[in-house]
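Some notes on the structure that comes next.
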Amino acid sequence: MDFEEKQRITPEEALEQYRKQTRGSLKIFLGYAPGVGKTFTMLNEANRRFERGKDVIIGYFESHEREQTINQLKNLPMIPLKEITYNSITLKEMDVDAIIERKPDLVLVDELAHTNVPGSKNKKRYEDVFEILDSGINVYSTVNLQHLESLNDIIKQITGISVNETIPDKIIADAQVVVIDMPPEALRKRLQRGNIYKPFLVESALKNFFRAGNLSALRELTLRQIADEVDEDLEEYKNKHDIHDNWYTSEKIMVSISSNPKSRRLIRMGARLAKTYKCSWYVVYVNCTHFMSPQETPEIIKELNSNIDLAEKLNATIIKLEGKSVSNTLLKFAQEKHITKLVIGHPRRTRFQRLFRGSTTNKFLEHAKDIQIIVVPYDTI
């Protein structure tokens, strides 16, 4: 196969490339709670583009009667909302067809997770946005973290509130995301000053959703969510450019265990490290297929399962691998996952084993690249 054949793409791939090139871009202003300033920031940025001569319009805007936000409207033109009658009541929704016909450079669509009135063109507002993007129009939108589908149960555990309006996580993954951050105490003061809700709602909000603990948890969850998305983008970039070095953008802990009961101390050490660095961590077991390795017995399997149970209780990701060389198998996994810290026990081997197979720990020290290795001699455990 020559170079030209390798570069040839299928009609489906060509169509997908064309769709990506002609599709509008989506920028999402993400917050961890109402009132952090998502809509204000979106309007502020849109105004700067409008003043530079870009064709910017408002497709849907929700002020919540916040004066500072309303003042940001300035001279931005707005597409009139479409009236829809439902149960003898006339309601208003974004006019998708009018926006597409107008074809601006950029349209602002507030509250992405909104569910449209029955009888609307699409059930969800994000579906309206997809249609606008497919027509080649760029979109700015806003959403709070609690509306991400995968976090629905976690949000309920934190706040006690069930969120019915959600969006698929893929929307966030595929968009350019701007996190609008504010310290929880500053947000609570904004609420107390009446900058978020009407005065008669403030006391109830402070005791419920806007409790300091709630806000701190939601804020951390938001920052972690975006950090994960950034990690995925970075991983994609490194793969695309054939970069294998570990860039230390975040800590990743790996604990190598065996059936030895003393592995439990290694697991607890890994859990403490993961808590300190607030990072993901793995507990890895290698089933060694080398002919000199001890065969598994019911007792060995029982001890191994006991170690794995402890790791699961401490919220580790359990990985079971297989290979002739424990060190090579662990090294390969560590490189694939960009592990930054490895916790490993240093077991005793017979002179015969050391002569013919060497030391797993020494092999790691010799070949591991960009990994901090924490060696714990089993004699000290």
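For the full complex of protein chains and a 1.4 angstrom probe, list Phe200, Phe40 by accessible area with the highest value first.
Phe200, Phe40
Using the Cβ-Cβ distance between Arg268 and Asn208 with R0 = 41 Å, the FRET efficiency computed as 1/(1 + (r/R0)^6) comes to roughly 0.65.
Rounded, prolate or oblate: which one fits the stretch 270-339, using the alpha carbon gyration tensor with axes a ≥ b ≥ c (rounded when a/c is under 1.5, else prolate when a/b beats b/c, else oblate)? In terms of gyration-tensor shape, oblate. In terms of accessible area, using a 1.4 Å probe and ignoring ligands and nucleic acids, Met78, Met182, Met94 rank largest first as Met78, Met182, Met94.
In terms of accessible area, using a 1.4 Å probe and ignoring ligands and nucleic acids, Val283, Val179 rank largest first as Val179, Val283. The alpha-carbon positions of the stretch 32-104 define a convex hull whose volume is 116 Å³ per residue. At the residue level, His114 shows approximately 40 square angstrom of accessible surface with a 1.4 angstrom probe and all protein chains present.
Kindly state, to the nearest 0.05, the FRET efficiency for Arg49 paired with Thr317, given R0 = 41 Å and r defined as their beta-carbon distance. For Arg49 and Thr317, the calculated efficiency is 0.45.
The values are calculated or read from the model by the stated rules, or taken from the named source; none is laboratory data. Here the structure is a predicted model, which is why all the values come from computation and not from measurement. All Cβ positions, even for glycine, are placed from backbone atoms using ideal geometry, and neighbour counts span all protein chains on display. Remember, those area values only see protein heavy atoms, side chains included, never the ligands or the DNA or RNA. Shrake-Rupley method; radii C 1.70, N 1.55, O 1.52, S 1.80 Å.
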